[in-house]
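Peer 1: A single structure is presented below for examination.
Since every read-out is calculated from the coordinates, none of them should be taken as a lab result. None of these values were measured; they are calculated from a predicted model. So basically every Cβ, Gly included, is an ideal-geometry build from the backbone, and we count neighbours across all protein chains shown.
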Amino acid sequence: MPKVKYLTRVDQVEAIPQEDRIWMKQVCARYKFRANTYYLSLIDWDDPDDPIRRIVIPERGELALWGRLDASNEADVTVMPGLEHKYRDTAVLLLNKVCGGYCRFCFRKRLFIDDNEEVVRDTTEQMAYIRAHPEITNVLLTGGDPLLLSTRRLRKVISALREIPQVRIIRIGSKMLAFNPYRVLDDPSLVELLDEYSKPKAHIYLMAQYNHPRELTGEGLRAADTLMKVGVVMCNQSPIIHGVNDDVETLATLMRELSFVGITPYYFFQCRPTAGNKPYEVALTKAWRVFDRARRMVSGLAQRARFVMSHASGKVEMLAEDDDFTYLRYHRARKPADEGRFMVMERDDTAYWLDDLVEVDLRRRVQAAPVSRAPEEVDQELRAEADSYGISAQEAPSDEELLGTDCAFPPL
Ligand code: SF4
């Protein structure tokens, strides 16, 4: 592969027809365009719905009024420029406002707007904050893509973090293995750096972002393998994106392939309601079903991911749904009181986000029920219910019977 070249204007992409470039320029005046020759070579230009194309090539629908630029209200957890502290044990450092390409559905696209000042170059004060907070054991380097920093700059940041004893995990959020794996393959000094600082008792994690199985190319896998061999722990996180991975087969293939190559599927996200993201959004119920059905088709190792909404109040995991309700739980919470909180919401198939859902008042339901009943009475009720479904309460249904039903969880 010749040297990878970065492109910042749609005019530079020969395969885009002239007539499309006019409206694309309008879109890009609002939300910037960036891609590179390696990633563009993965696109099947004969397919107007090609999923890789949807990831980086602008869509007219981005101009529709939809969502906020800071959909998860990161401003509210920013303790100083470039440093977020939302969950007790985790700090987030925004180091860079450039990526190997710009995902059209990016939830941090506000960083790419000129004059944005949320990113830091000199991290002295941020390191002092982390050092002064012994509860911070994890630091996520992000942006933008930290692997687009020079290796020299990255070394400064990583070595400074390794001087803070309580910081055991350094995570690097990066889509470079998908966008341009040559960043790893062509820079042995980057591999040496990660080798030096990924220690047996304090690992470096690379949080990759593969959205579609076709991004797992031979070069990408060689780069991932190179990193794993020096002790970097690999995980993957991806939103569920309309036209990219919102079908069961594609998502199951992605989960499966990631597990085959040793990358843990960690999170699948509900696409945040971010400005410009209308063409990429999938309703919550649909995204959950795609995730849940894909999960049932793959091995245990491939289905380790959770499906979550990264909401301003915390990471809210979707657990199940039935005809009437959606069942959620805080996987991580901003307020300690919410940690692990279980929520039952009225099911709404038009909802896209936590804020669109209405919580059921469980206390009122519980109070309305009899406070205590004789065990015989409960047994009788269970039997009557079992009878109404045509099964005896004494006989537990077999795995085959359970698999045949539309239950939200597969049997153990
Ligand atoms: S790699 Fe991440 S930060 Fe960069 S454009 Fe894509 S989603 Fe946004």
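Peer 1: For a label point 7 angstrom out from the Cα of ARG341 toward its Cβ, which stretches of the range 65-79 have the backbone nitrogen within less than 19 Å?
Peer 2: Once the point is set 7 Å along Cα→Cβ of ARG341, 72-74, 76-77 turn out to lie under 19 Å by backbone N, inside the range 65-79.
Peer 1: Figure the gain on full extension for ASP47 and LYS201 (residue separation times 0.36 nm, minus the Cα-Cα span) and round it to one decimal in nm.
Peer 2: 50.7 nm
Peer 1: Quick one, can you get me the convex hull of the C-alpha atoms of the range 6-60 expressed as volume per residue in Å³?
Peer 2: So the per-residue Cα hull volume is 73 Å³.
Peer 1: Please express the Cα-Cα pair-distance distribution P(r) of the chain as a list of whole percents, one per 10 Å bin, running from 0 to the bin with the greatest distance.
Peer 2: Result returned by the calculation: 4, 20, 29, 25, 12, 6, 3, 0.
Peer 1: Then there is this: Per 10 Å bin from zero, what fraction in whole % of the C-alpha pairs of the range 227-308 is there, up to the bin with the longest pair?
Peer 2: For the range 227-308, the binned pair fractions read 19, 49, 24, 7, 0 percent.
Peer 1: What is the magnitude of the charge dipole of the range 6-60 about its Cα centre, with +1 placed on the Cβ of each Lys and Arg, -1 on the Cβ of each Asp and Glu, and no other charges, expressed in debye to the nearest 20?
Peer 2: Dipole about the Cα centre, nearest 20: 500 debye.
Peer 1: Taking a 24 Å limit on the Cα-Cα distance, which of the listed pairs LYS25/LYS278; LYS5/LYS199; LYS175/LYS315; LYS201/LYS229 fall beyond it?
Peer 2: LYS5/LYS199
Peer 1: Among bridges DSSP assigns within the range 74-356, what percent are antiparallel (round to 5)?
Peer 2: That works out to approximately 45 percent antiparallel.
Peer 1: Which net charge results when you count Lys and Arg as +1 and Asp and Glu as -1 among the other residues whose beta-carbon is under 9 Å from that of PRO81?
Peer 2: My count for the surroundings of PRO81 gives -3.
Peer 1: Now for a separate question. Mind jotting down the three principal axis lengths of the range 1-151 based on Cα atoms? Whole angstrom, largest first.
Peer 2: 55, 40, 25
Peer 1: Next question, about the same structure. Express the relative contact order of the chain as a whole percentage, based on alpha carbon pairs under 8 Å and six or more residues apart in sequence.
Peer 2: Relative contact order here is 12 percent.
Peer 1: If the cut-off is a Cα-Cα distance under 18 Å, which aspartates and glutamates reach LYS156, setting aside same-chain residues fewer than 8 apart in sequence?
Peer 2: ASP122, GLU125, ASP145, ASP187, GLU192, ASP195, GLU196
Peer 1: If you don't mind, another one. Give, rounded to the nearest 20 debye, the magnitude of the charge dipole that the chain has about its Cα centre when Lys and Arg contribute +1 at Cβ and Asp and Glu contribute -1 at Cβ.
Peer 2: 2240
Peer 1: Mean projection of the alpha-carbon convex hull of the range 141-229 over all orientations, in nm²?
Peer 2: Approximately 5.6 nm², given one-decimal rounding.
Peer 1: With Cβ to Cβ distances under 10 Å as the rule, what net charge do the other residues near PRO279 carry (K, R +1; D, E -1)?
Peer 2: +1
Peer 1: Grab the Cα-Cα distance for ARG30 and ALA312, subtract it from 0.36 nm times how many residues apart they are, and report the gain in nm with one decimal.
Peer 2: 99.1 nm
Peer 1: If you take every residue apart from TYR210 with its C-beta less than 10 Å away from the C-beta of TYR210, what net charge results, scoring Lys and Arg +1 and Asp and Glu -1?
Peer 2: Residues close to TYR210 contribute a combined charge of 0.
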